[in-house]
Amino acid sequence: AKNVTGRISASRPAVVDLVYSLGDDLQTWDEFHPALYRLTVHLRAVSPEGRIKWHDQRVVTFGMREISTRGTQFVLNGRPIFLRGTLECCIFPKTGYPPMDRKAWRRVLGIIRQHGLNHVRFHSWCPPEAAFQAADELGVFFHVECASWANQGAAVGRGRPLDRWLYREADRILKAYGNHPSFLLMAYGNEPAGPGRGADYLGPWVEHYQAKDQRRLYTSAAGWPIIEQSQYHLTPHPRIQHWGAGLKSRINAKPPETLTDYRDFARRHSVPVVSHEIGQWCVYPNFDEIAKYTGVLQAKNFEIFRDFLQANHMGDQARDFLMASGKLQVLCYKEEIESALRTPGFGGFQLLQLHDFPGQGTALVGILDPFFDSKPYVTPDQFRRFCGPIVPLARLPRRVFTEDERLEAAIELYQFGARDLKQAAVRWRLVTATGDVLHQGEFPARDYPAGGLQCESPRRQPQA
């Protein structure tokens, strides 16, 4: 404890600066060890006789961490990190508003962590205090935005009231939540319109908050514009299915392979690049969800789809359609995510998204439903096999081989775990669909430092 005695005027606000040493055993906050401190401040007014005339106190929980960039990578407490993220678009079908208790947010963020993710972007809104508290405890990185998607009739930089409001709102967000260690990243909002696609207005906006509050990193907006003032970029370009590409996209126009990555795109920038709203792979409705809508929303769209299917005498195939489309959805997300993981020097990705998005039509883009419950075709453990802090990767020119060909694959290890792997041996196996082992081997044991992509020599084996 440390005591400070002084005179404070009762008629105007006062600021008391106090330096408190945390000692030599300072614990830093990150996704693996979200160490938190609790500071209790007591304020007492004491009479000349030593009698306490008035007393108040405040308890503040905080974490010690430093976020920065090194080239095209994020650095937390001196170590590179990679953002494996999803969106949260204020989707709460039972109430229509986000929960205000920490328990509910611990459930949501805990499920996100179970799927190997470490990051949440709040699309055009800022979550409540309880969400930040839960993220602090679970080690989740937040990207927060003002409640603005200035497009389709709205715009920034045209001298309208919105321009001034965005400064006031950002000030309020930073004052209320800025001391949470989970609050790592901030943008004005989503995909703006305006002069220079918002660049003319957002350049000064970013510079203003970089100077005002250096506890986090700032970017212009989610999606665009890419401006030199941003400390990282959220851009929709590095993905396997570009908007409007249709059958001309890589995943549709070319045979499946696992060689493509985004290193050329990342190298064109001097700051980290994060893929914006990748995925959006849709699945057939799960009609069992209809019964879950017991609050302010009802799944009338699902009822229409179900009635349409029954009218065409295919109602008994609904489960088959769900499972078949769901398995395909998972394969698409797997390639989407692994393309990012196998990119050297990449900043990360933000999925649209882990759970469904009923706020924009029927967007069944999730492997979870809007209630954060799993759908029947994939489990969290299965998803974590290709989305997590440590993921083995194989680079293949194609996924289909004939029996007279030799299979050659470069083995890589995406290693953003809690610590360096010392003298670890990577083992590999080639197995059939029934589990029979055709070939297997092991690389010599070596160190695999955390914070990057580790490569091994190619391995060639006969396919048969």
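Taking Trp428 as meeting all but one of (1) over 29 Å from Val296 (Cα atoms); (2) assigned to a strand (DSSP E or B); (3) at pLDDT 95 or above, write down the number of the exception.
Exception for Trp428: condition (3).
Listed here are the residues, each with its yes/no results for (1) touching a residue at least 12 places away in the same chain (Cβ under 8 Å); (2) among the aliphatic types (A, V, I, L, M); (3) assigned to a loop (DSSP other than H, G, I, E, B).
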{"position": "Gln214", "(1), (2), (3)": "no, no, yes"}
{"position": "Leu234", "(1), (2), (3)": "yes, yes, no"}
{"position": "Val274", "(1), (2), (3)": "yes, yes, no"}
{"position": "Ile278", "(1), (2), (3)": "yes, yes, no"}
{"position": "Tyr284", "(1), (2), (3)": "yes, no, yes"}
{"position": "Glu289", "(1), (2), (3)": "yes, no, no"}
{"position": "Leu322", "(1), (2), (3)": "yes, yes, no"}
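How many residues does the range 123-134 hold that are surrounded by fewer than 19 Cβ atoms within 10 Å (Cβ to Cβ) and among the aromatic types (Phe, Trp, Tyr)?
1
Using the structure shown, decide if Pro225 is closer than 30 Å to Pro397 by Cα, outside any helix (DSSP H, G or I) and outside the structural domain of Val60 (by TED's automatic domain parsing).
no
Against the conditions (1) over 23 Å from Ala176 (Cβ atoms); (2) touching a Leu at 6+ places or on another chain (Cβ under 6 Å), where does Thr61 fall short? Just the number, please.
Status for Thr61: all satisfied but (1).
Condition first: within 20 Å of Gly96 (Cα to Cα), β-branched (Val, Ile, Thr) and within 13 Å of the chain's Cα centre (by Cα). Can you find one or more residues in the range 135-145 that meet it?
Looking for residues that are within 20 Å of Gly96 (Cα to Cα), β-branched (Val, Ile, Thr) and within 13 Å of the chain's Cα centre (by Cα), one finds at least one in the range 135-145, hence yes.
Do you know which residues across the range 195-231 are in contact with an Asp or Glu (Cβ under 7 Å, 6 or more places away or on another chain) and farther than 21 Å from Cys90 by Cβ?
Tyr201, Trp224, Gln229
Which residue is surrounded by the most Cβ atoms within 10 Å (Cβ to Cβ), if the candidates are limited to the range 383-424 and must be charged (D, E, K, R) and under 27 Å from Gln353 (Cβ atoms)?
Only one residue fits best here, namely Glu412.
So that you can scan it fast, the table gives a plain yes or no per residue for (1) out of contact with any strand residue (DSSP E or B) (no Cβ under 7 Å at 6 or more places or on another chain); (2) charged (D, E, K, R):
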site: Gln57; (1), (2): no, no
site: Arg79; (1), (2): yes, yes
site: Gly85; (1), (2): no, no
site: Lys94; (1), (2): yes, yes
site: Pro99; (1), (2): yes, no
site: Arg102; (1), (2): yes, yes
site: Val108; (1), (2): yes, no
site: Arg113; (1), (2): yes, yes
site: Leu117; (1), (2): no, no
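Six or more apart or on different chains, Cβ atoms under 9 Å: show the pairs whose first residue is in the range 74-92 and in the same structural domain as Arg107 (by TED's automatic domain parsing) and touching a residue at least 12 places away in the same chain (Cβ under 8 Å) and whose second is of a type in the set (Lys, Arg) and surrounded by fewer than 24 Cβ atoms within 10 Å (Cβ to Cβ).
If the second residue must be of a type in the set (Lys, Arg) and surrounded by fewer than 24 Cβ atoms within 10 Å (Cβ to Cβ), the pairs left are Leu76/Arg65; Asn77/Arg65; Pro80/Arg70.
Would you mind stating whether Phe372 is assigned by TED's automatic domain parsing to the domain that holds Ala221, within 24 Å of Arg106 (Cβ to Cβ), modelled with pLDDT of 95 or more and surrounded by 17 or more Cβ atoms within 10 Å (Cβ to Cβ)?
Spelling it out, Phe372 is indeed assigned by TED's automatic domain parsing to the domain that holds Ala221, within 24 Å of Arg106 (Cβ to Cβ), modelled with pLDDT of 95 or more and surrounded by 17 or more Cβ atoms within 10 Å (Cβ to Cβ).
Can you confirm whether the range 339-356 contains a residue that is part of a helix (DSSP H, G or I), touching a Phe, Trp or Tyr at 6+ places or on another chain (Cβ under 6 Å), closer than 30 Å to Gly71 by Cβ and modelled with pLDDT of 95 or more?
Yes.
Rundown of residues vs (1) among the β-branched types (Val, Ile, Thr); (2) over 25 Å from the mean Cα position of the chain (by Cα); (3) not assigned by TED's automatic domain parsing to the domain that holds Asn301, yes/no style:
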position: Phe357; (1), (2), (3): no, no, no
position: Ile367; (1), (2), (3): yes, no, no
position: Ala410; (1), (2), (3): no, yes, yes
position: Phe416; (1), (2), (3): no, no, yes
position: Ala424; (1), (2), (3): no, yes, yes
position: Gly441; (1), (2), (3): no, yes, yes
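Would you mind telling me which numbered condition in (1) small (Gly, Ala, Ser); (2) touching a strand residue (DSSP E or B) at 6+ places or on another chain (Cβ under 6 Å); (3) over 26 Å from Cys282 (Cα atoms); (4) in contact (Cβ under 8 Å) with a residue 40 or more places away in the chain Ala445 fails?
Answer for Ala445: the failing condition is (4).
Among the residues of the range 255-281, which ones are in contact with a helix residue (DSSP H, G or I) (Cβ under 8 Å, 6 or more places away or on another chain) and surrounded by fewer than 17 Cβ atoms within 10 Å (Cβ to Cβ)?
Result: Pro256, Thr260.
Condition check: over 17 Å from Lys375 (Cβ atoms) and either buried (at least 20 other Cβ atoms within 10 Å of the Cβ) or not hydroxyl-bearing (Ser, Thr, Tyr) (or both). Does Gly326 satisfy that?
Spelling it out, it is not the case that Gly326 is over 17 Å from Lys375 (Cβ atoms) and either buried (at least 20 other Cβ atoms within 10 Å of the Cβ) or not hydroxyl-bearing (Ser, Thr, Tyr) (or both).
Return yes or no: is Tyr167 assigned to a loop (DSSP other than H, G, I, E, B) and either of a type in the set (A, V, I, L, M, F, W, C) or assigned by TED's automatic domain parsing to the domain that holds Lys375 (or both)?
no
The values are calculated or read from the model by the stated rules, or taken from the named source; none is laboratory data. Note that the structure is a prediction, hence the values are computed from the model and not measured. Here Cβ is always computed from backbone atoms with ideal geometry, including for glycine, and neighbour counts include all displayed protein chains.
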